[in-house]
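Down below is the structure, laid out as structure tokens.
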Amino acid sequence: MRGSVLYHDFVFRRRNRWYHWVAGLGLWLLSWLYRAALVLRRSWPEPAVRVPCRVISVGNLVIGGSGKTPVVGWLARALRERGLTTAVLCRGHGGAWVHQARVFHDGVEMHGSATDGGDEAAMLATRLAGLGIPILVGRRRADTARLACERFHPDVLLIDDGLQHGSLEKDYEIVTFNGSNPIGVGQVLPFGPLREPTSALERCH
């Protein structure tokens, strides 16, 4: 989604009538409520689990596509070429398995479809076919990481879309951006496209 699409449509792409400006103000107020909720969530974080391997997260600040999954695929291939055993963790968004930790691909064969594990897991399974890289899905990354370590004993875990998830300790945080419009108007949802403020980059590498 392009930056501030909702606000842009309300105020700029239509006639500048008073109720469009009122709608824009409403979105701005909702954005600040969303920001306050993020601050409260960060003030009482859930305990983060440490697993016995390196953990690299690839995420983004904005809603919509920014190339996270292709970067995860590239990293998985590069690590494998350097002799490191690697497993990939996906949320499983849009799939039936999103609520539980499951092995989507064990490095040899597929155990589900895009309907089960989501489009990202299916795309990675295709791109990494033949490399012996397991792909696991599940909304709670700590549970998925534990399963990956128990089953496959990887040297490195790669998390697809992990920036907003704090249940798992990470060694590296990588953030991707859409180069044509990195942060829109720089505001959080729903006034802008950001999942969290740009100050989140302070915890990234």
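The values are calculated or read from the model by the stated rules, or taken from the named source; none is laboratory data. Quick caveat, the model's predicted, so the values are computed rather than measured. A quick note on method: Cβ atoms are made from the backbone with ideal geometry, for glycine too, and the neighbour counts reach across all protein chains shown. All accessible areas refer to the heavy atoms of the entire protein, side chains included, with ligands and DNA or RNA removed. Shrake-Rupley method; radii C 1.70, N 1.55, O 1.52, S 1.80 Å.
Among the residues examined, Val108 qualifies as modelled with pLDDT of 95 or more, open to solvent by 30 Å² or more (accessible area, probe 1.4 Å) and either more than 22 Å from Leu168 (Cβ to Cβ) or touching a helix residue (DSSP H, G or I) at 6+ places or on another chain (Cβ under 6 Å) (or both). Reported count of residues in the stretch 67-90, each being surrounded by 21 or more Cβ atoms within 10 Å (Cβ to Cβ) and farther than 14 Å from Pro134 by Cα, is 2.
Applying a threshold of 7 Å to beta carbon distances and a minimum spacing of six or more residues, or different chains, the list of pairs starting in the stretch 88-105 at a residue that is in contact (Cβ under 8 Å) with a residue 12 or more places away in the chain and ending at one that is of a type in the set (A, V, I, L, M) and in a loop (DSSP other than H, G, I, E, B) reads Val88/Ile133; Arg91/Val98; Gly92/Val98.
Within the stretch 21-49, residues that are surrounded by 11 or more Cβ atoms within 10 Å (Cβ to Cβ) reach partners that are basic (Lys, Arg) and in a helix (DSSP H, G or I) with beta carbons closer than 8 Å, at six or more positions or on different chains, in the pairs Val49/Arg146.
Among the residues of the stretch 113-145, those that are touching a residue at least 24 places away in the same chain (Cβ under 8 Å) and on the phi > 0 side of the Ramachandran plot comprise Gly118, Gly132, Gly138. Sub-6 Å Cβ pairs linking a first residue in the stretch 163-183 that is of a type in the set (Asp, Glu) to a second residue that is surrounded by fewer than 17 Cβ atoms within 10 Å (Cβ to Cβ), at least 6 apart or interchain, are Glu169/Ala48; Glu169/Arg50; Asp171/Arg54; Glu173/Cys204; Glu173/His205, ordered by first then second residue.
Of the conditions (1) within 30 Å of Thr198 (Cα to Cα); (2) modelled with pLDDT of 95 or more, Glu46 clears all except one; give me its number. Exception for Glu46: condition (2).
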